[in-house]
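To keep things clear, I will list the structure first and then write my remarks on it.
The values are calculated or read from the model by the stated rules, or taken from the named source; none is laboratory data. Keep in mind the model is a prediction, meaning the values are calculated, not measured. Here the Cβ is made from the backbone with ideal geometry for all residues, glycine too, and neighbour counts use every protein chain on show. Each accessible area value is taken on the protein alone, full model and side chains, heavy atoms only, with ligands, DNA and RNA left out. Shrake-Rupley method; radii C 1.70, N 1.55, O 1.52, S 1.80 Å.
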Amino acid sequence: MWNRLGAELSMMKAVTEKSGEIQIATTGESEQYSPEQVVDVANITAGTDNIHGKSMELLSAVLDRPNMWRAYERVLRNKGAAGVDGLKVSELKAYLKARWSLHKEALLKGTYQPQPVLKVEIPKSGGGVRQLGIPTVVDRLIQQALHQVLSPIFEPTFSAASYGFRPGRSAGQAVLQARNYVEAGYCWVVDLDLEKFFDRVNHDILMSRLAREVKDKSVLKLIRAYLESGVSDGHTVSMRKEGTPQGGPLSPLLSNILLNDLDKELERRGHKFCRYADDCNIYVKSEKAGQRVWASITKYLENTLKLKVNRKKSGVGRPWQRKFLGYSVCSRKYNVRLRIAPEVVKRFKGDMKAAFRRARGGSLKRTVHELNPKLRGWMSYFRYIGVKGILQELDGWIRRHLRKILWRHWKRTHTRVKRMMQLGLNEKRAWVSVQNGRGSWWNAGASHMNQAIPKKRFDRVGLISLLDYSHQLNCST
């Protein structure tokens, strides 16, 4: 089967371009389906039970050649590390040519057993570590194929207030809606933070939510197998009783399926809220109402969905005292403007300082080349802010650090005089400037360095200005 997928690629692309495209979000990008494909998948949700051969319509859709090819292309694009078997993405094609028929047979018989995920810990921006579970490349392929079929089925059931890992939705839309609630007079926020959400998902509750829409028990059995596959630290494998580790294509969709119950409960109560994955803010008009909502929703999450609310990070407060997806708001009653949360700015500066330390000894152009992707991505995320003063402040702070690096590169007095004269200072001022006895940080902010290396010189070497880039983004929309 797999050898014939390549021959169908050009035909599938032509069909997709002709029919129009619907984007389906996955773990980091958006997937593309034609409208006809979405309808076809939705029509088979009533596929009846059968692990042993009676009717496995949904599983057949998962293993359909065009669907598997799209999943294969997505896995290639996402790249990613190898799992416990050490198989790399670049080796997947040859492996599938030799072994895919065996995997497909096991999937159809209901005997396929996913391999354990590889445990990886990465530092969290707020401190501590986040645990990821990296599936093998083959399991990522199968999970992606499942995601492509299940997402169109569950998408119509999701709340309009859910923004995470969904087609055509983003964090920016969530914070803009949150700002609208504050501007409408909902000036108290119930900030809910779920403690280790992906590690605490109750398998039985999640499977019952899946079974509401999925009737093909072969698919349900396969998903249960993925939930219960072990976790390997490289030496030993531990079995998993709960949780759906981050790292696989299926986890974001499963989290939305489970938390959809929370969305429906909040809608039933008539609340104004925004949810992005496990980050949820509920907007109310008084502190008393906020405390009441916080207590009742905490009880619902812990008793009904068996999830734990992090009481240290959750609470009731003013929107300008809390943050949502890295944003906060200014304390205005009307014309509420978004701003970057102070702790996010502090974290950004920490990341930049680490980059500056790595840049010691390198050229200015090389340093700028390494900084620009970070600056571009960060500003693209925070493009919706209405307070621009912080961008101007950060631009000046970045340029001062770069001037400090140059000052240190020059080292000797004569070298500094020579460089500053080359940059336009007269000899007398250059000598006075380098003999002031001050440190590199002070000199980087002094008038002689600002005159020698003004903003336009950084523009010439391509350094991205956060303020200028923000204007470009806003003008392009």
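Relative to the current alpha-carbon distance between Lys221 and Lys456, full extension at 0.36 nm per residue lengthens the span by 78.4 nm. Accessible area per residue for the range 341-422 is 55 Å², calculated with a 1.4 Å probe on protein heavy atoms, without ligands, DNA or RNA.
Using 0.36 nm times the number of residues separating Glu73 and Cys475, minus their current alpha carbon distance, what extension gain do you get? Intermediate results must be reported in sequence, preceding the final value.
Numbers: separation 402, 0.36 × 402 = 144.72 nm, distance 3.38 nm.
Net length gain for the segment: 141.3 nm.
Considering only protein heavy atoms and a 1.4 Å probe, what is the carbon-and-sulfur percentage of the accessible area of the chain? The nonpolar share, carbon plus sulfur, comes to 49 percent.
Heavy-atom accessible surface of the range 91-180, averaged per residue, reaches 41 Å², computed with a 1.4 Å probe.
Sequence-distant or interchain residues sharing an amide H contact under 5 Å with Gln246, placed H: which? Placed amide hydrogens put Gly133 under 5 Å from Gln246.
Among the listed pairs Lys119/Lys312; Lys104/Lys221; Lys285/Lys388, a Cα-Cα separation exceeding 22 Å is found for Lys119/Lys312; Lys285/Lys388.
Volume per residue of the convex hull around the Cα atoms, evaluated for the chain, comes out as 191 Å³. A dipole drawn for the chain from +1 and -1 charges on Cβ atoms has a positive end, and of Leu364, Ala61, Ser286 the residue lying farthest that way is Leu364.
For Gln392 and Lys313, what is the calculated FRET efficiency with R₀ set at 35 Å and r taken between the beta-carbons, to the nearest 0.05? Efficiency, rounded to the nearest 0.05: 0.70. Here's the picture: charge each Lys and Arg Cβ at +1 and each Asp and Glu Cβ at -1 in the chain, and of Trp100, His414, Gly80 the one pushed furthest to the positive end of that dipole is His414.
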